[in-house]
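*Asks:* Structure below; questions to follow.
The values are calculated or read from the model by the stated rules, or taken from the named source; none is laboratory data. If you're wondering where the values come from, they're calculated on a predicted model, not measured in any experiment. Positions of Cβ are generated from backbone atoms using ideal geometry, with glycine treated the same way; all protein chains shown enter the neighbour counts. The accessibility values were calculated without ligands, DNA or RNA, using every heavy atom of the protein model including side chains. Shrake-Rupley method; radii C 1.70, N 1.55, O 1.52, S 1.80 Å.
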Amino acid sequence: MKKHKSLFFKSATKKRLLWVYLVTSIPLLVCILLGSEYGKRLLRQQSIQYNHNTLSLQLATVDTSLDHISNYLASFLLDENNYHGLQSGEDAPDEQRAILADFTDYLDTYTSTASLFFYIPDQDILIFQSANYDSYPERMEMRQYIRQACLSRTFPVTKPQISGWTFLRMTQKSYLIDLMEYKNVYVGAFASSEYVFEDFRDLTASTHGALILSNQDAGEDFLYGAKELDRSRCVKVPVDSARNHYRIILYIPTAYVLGAFSWFQYAILIIALVSFSFVTAMLIITWRQMVSPVLRIIKAMEAVEQGDFDSHLPIPDTHDEFAELTETFNYMIGQIHDLKLQIYEEKLNQAYAELQYLTLQIKPHFFLNCLNLIYSLGLSGRSELVVDFSSTLMKYFRYLFKSSDSMVVLSEELKHVQNYLHIQQIRFQNDLDTDFKIDPQAEKMQIPVLTLHTFVENIFKHGCSDSAKMQIIIHAAPVIKDGKLYLSLCIEDNGIGFSKESLEKLSKPEVPSQKTGEKHIGIRNVRQRLSYIYGSNYVLRFENRSQGGAKINLLLPQNGKFHVSSA
């Protein structure tokens, strides 16, 4: 890439073109964009600051009115003489009338925009004095909300609790609600948002915006202004109540904030476009005639560098040096492509030949021993055992001779291993114990042919112990690792295990070289086959068991999709 760039910038003509275009275009464009953006930000900030201050002053007035109601409710709640009889469970109609009269006097004297209530959940005593503007369905809905809200709250019995004014949306209207509790006695107030924020209507109309009432739970209600206003094209002015749990948000259209500045911005952009058009037209004419052919060749060379040898360029009709250069480039790419295919096919043939050789090298391990055993059984007159052994041996060799396929399902490989173990049981006169724990889903997974057989055969060749009954354990299960499906195999025996020298050689990641008389040749061949098939995406680990014997762990990737049930 660096070589391509150095060639690209050696053209003196191109340097001049680029410098003329950059020197005239970029500074002008940057100045226009920065000036425009700075003007818009300045207008936004001034609008936000001005409207924020105005909203804060008006909101402080609203909070003062709400605090007056809260102070009245708090003083009423803390004076237990107002409701002592009702709190004690007595039938005190005089107290109820007195509370209702007290609420009525307060509303008539100070405010007509709130509804006050007194509620004792234990006796279900609810005294409710509503504002004049509330309809009957609205009053019934407020009564229902009072009962549900008070019954769901759990406050300490000895300490007064004041929740503060918060926003609440009901079916038809939105309210600001304040709720206080002391010794399971509740008082509170509803204030209609429409009337509480009446003074904000003029500000909303003057800004052509919309006023939203919101709370800390992201609930909101539209108050005044343009209801269908697109908020993504507006300036947002949020103001939180200093003493309560609600906020108001004023959305002002960006077009109103910017005003005539938008037309001024468009005029500057038109002048800039005319200048850019002239400079760009002159540059394009030269670019197409000289630079464009070189760029196409460089792009094709980069594609070749990434391994794409199908990048053939169309030969231009100019019949000049660029046409000759393009034709030579296409011929060179074709030659490289053919050479690469030839080398790749040779490597595939070599790998296939080595794989076939290793497979054939594994097959005839104990053929002569089996013939010798059949001969011995025949001499001893044990014809039934000869029949059994011959049948098993026939199945065994049938699997060997059909195993030209590199992959089989695990269930087929297990049947072959069981035939092999049955042969060995006859050989060792049933002095053999096997334990197969195979997950049903693992039986359908793929495994290179004769892989499991080679490890089991290795136990009889190198791991037999004369002091104990031979035991072979095979476990198989599907596992998920890094989001990919694998087949997990574990082969264990109770033999003499691996020697320290063998364990060190087998544990090395590289394949050991073949030497005359070397042990574990079958394992070496299996490892080579696994490397050909899986590359470095498999795991093969050798170790000795703590209770004696060898243990082999194998992890093979699977291309299929299986559902692995949880244990």
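*Asks:* Looking at segment 103-121, which of the residues that are at pLDDT below 85 and open to solvent by 80 Å² or more (accessible area, probe 1.4 Å) is nearest to Y72 (Cα to Cα)?
*Replies:* Y110
*Asks:* Which one of the conditions (1) under 20 Å from E80 (Cα atoms); (2) open to solvent by 40 Å² or more (accessible area, probe 1.4 Å) does D202 fail to meet, given that it meets all the rest?
*Replies:* Unmet for D202, out of (1) under 20 Å from E80 (Cα atoms); (2) open to solvent by 40 Å² or more (accessible area, probe 1.4 Å): (1).
*Asks:* Okay, next question. Those residues that are open to solvent by 60 Å² or more (accessible area, probe 1.4 Å) and at pLDDT below 85, I need them from segment 85-102; list them, please.
*Replies:* Hits for segment 85-102 are S88, E90, D91.
*Asks:* Now for a different question. Looking only at segment 206-229, which residues are open to solvent by less than 70 Å² (accessible area, probe 1.4 Å) and either in a loop (DSSP other than H, G, I, E, B) or free of Cβ contacts under 8 Å to residues at least 24 places away in the same chain (or both)?
*Replies:* S206, G209, N215, G219, F222, A226, L229
*Asks:* For C370, only one of the following conditions fails: (1) modelled with pLDDT of 80 or more; (2) of a type outside the set (F, W, Y); (3) farther than 23 Å from L556 by Cβ; (4) open to solvent by less than 90 Å² (accessible area, probe 1.4 Å). What is its number?
*Replies:* It fails just one condition, (1).
*Asks:* If you don't mind, there's one more thing I want to ask. Those residues that are aliphatic (A, V, I, L, M), surrounded by 14 or more Cβ atoms within 10 Å (Cβ to Cβ) and under 24 Å from P448 (Cβ atoms), I need them from segment 480-504; list them, please.
*Replies:* Filtering segment 480-504 down to residues aliphatic (A, V, I, L, M) leaves 480, 485, 487, 489, 491, 496, 503.
With surrounded by 14 or more Cβ atoms within 10 Å (Cβ to Cβ) added as a condition, the list becomes 485, 487, 489, 491, 496, 503.
Within segment 480-504, L485, L487, L489, I491, L503 meet the criteria.
*Asks:* Follow-up. From the list S241, S232, which one is hydroxyl-bearing (S, T, Y) and open to solvent by 20 Å² or more (accessible area, probe 1.4 Å)?
*Replies:* Matching residue, one of S241, S232: S232.
*Asks:* Which numbered condition in (1) open to solvent by 10 Å² or more (accessible area, probe 1.4 Å); (2) on the phi < 0 side of the Ramachandran plot is the only one that A476 fails?
*Replies:* (1)
*Asks:* Related question: T454 passes all but one of (1) open to solvent by 10 Å² or more (accessible area, probe 1.4 Å); (2) of a type in the set (S, T, N, Q); (3) modelled with pLDDT of 85 or more; (4) within 23 Å of G522 (Cα to Cα); which number fails?
*Replies:* The failed condition is (1).
*Asks:* Now for a separate question. Any residue at all in segment 518-527 that is surrounded by fewer than 16 Cβ atoms within 10 Å (Cβ to Cβ) and either modelled with pLDDT under 85 or outside any helix (DSSP H, G or I) (or both)?
*Replies:* yes
*Asks:* For segment 104-126, name all the residues that are free of Cβ contacts under 8 Å to residues at least 60 places away in the same chain, of a type outside the set (D, E) and closer than 18 Å to R147 by Cβ.
*Replies:* Of everything in segment 104-126, those that are free of Cβ contacts under 8 Å to residues at least 60 places away in the same chain, of a type outside the set (D, E) and closer than 18 Å to R147 by Cβ turn out to be Q123, I125, L126.
*Asks:* Same structure again: Restricting to segment 182-197, name every residue that is under 47 Å from the mean Cα position of the chain (by Cα), more than 18 Å from L100 (Cα to Cα) and of a type outside the set (S, T, Y).
*Replies:* Once the filter is applied, which keeps residues that are under 47 Å from the mean Cα position of the chain (by Cα), more than 18 Å from L100 (Cα to Cα) and of a type outside the set (S, T, Y), segment 182-197 yields E194, V196, F197.
*Asks:* What is the one condition in (1) more than 21 Å from R527 (Cα to Cα); (2) at pLDDT 75 or above; (3) within 45 Å of the chain's Cα centre (by Cα) that L377 does not satisfy?
*Replies:* It fails just one condition, (3).
*Asks:* Within segment 254-264, can one find any residue that is more than 40 Å from the chain's Cα centre (by Cα), at pLDDT 70 or above, over 30 Å from I162 (Cα atoms) and not in a helix (DSSP H, G or I)?
*Replies:* Taking every residue of segment 254-264 in turn, at least one turns out to be more than 40 Å from the chain's Cα centre (by Cα), at pLDDT 70 or above, over 30 Å from I162 (Cα atoms) and not in a helix (DSSP H, G or I).
*Asks:* Hey, could you check segment 397-454 for residues that are among the acidic types (D, E) and closer than 21 Å to P478 by Cβ and say which is nearest to the chain's Cα centre (by Cα)?
*Replies:* My answer is D439.
*Asks:* Can you pull out the residues in segment 35-57 that are open to solvent by less than 50 Å² (accessible area, probe 1.4 Å) and farther than 18 Å from L269 by Cβ?
*Replies:* S47, N51, T54, L55, S56, listed by residue number.
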